[in-house]
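Report on one structure; see the data block that follows.
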Amino acid sequence: MSHMCDTAFMETVASRELRNQTRELLDRVAEGESVCITVHGKPVAELRPIEERPQWISRERFIRDVLAHQADHGLADDLADLKSETTDDLPWP
């Protein structure tokens with residue numbers, strides 16, 4: 001699948017500018033801006049902020065977001081069997 005930079009909504013930056021101003025461009029991206037990188041005027045890449053992902057999710061969210069989309073329904077049964085063996089309800093020391 002091919003994706004093009006949406007140059008109507010983001011600045012276009014030549015690869016030479018990326019090389020010469022890497023830190024400045026990365027600072028802008030860290031602040032939320034997306035930048036389209038070109039080589040010889042042709043869009044080839046997009047610098048954009050990464051989406052932050054939670055490192056921990058609740059059991060309820062895991063079931064809703066992950067298990068609901070699993071092809072292996074046996075996994076849900078296995079996890080339900082293990083539920084009583086988890087320590088999620090224990091207080092943090």
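FYI, it's all coordinate maths here, none of it is from the lab. Computed from a prediction, not measured in an experiment: that's the story for all the values here. As a convention, Cβ positions derive from the backbone with ideal geometry for all residues, glycine included, and neighbour counts pool all protein chains shown.
Listed values, structure above:
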| quantity | calculated |
| --- | --- |
| Packing-based ranking, highest mean first, of 18-26, 30-38 given that Cβ atoms within 10 Å are counted | 30-38, 18-26 |
| Inter-probe distance in nm under a simple model that places probes 7 Å from Cα toward Cβ, at GLU51 and ALA14 | 3.5 |
| GLU46 long-range amide H proximity, modeled H, under 5 Å | ILE37 |
| Efficiency of FRET from Cβ geometry, GLU60 and THR22, R₀ 41 Å, rounded to 0.05 | 0.45 |
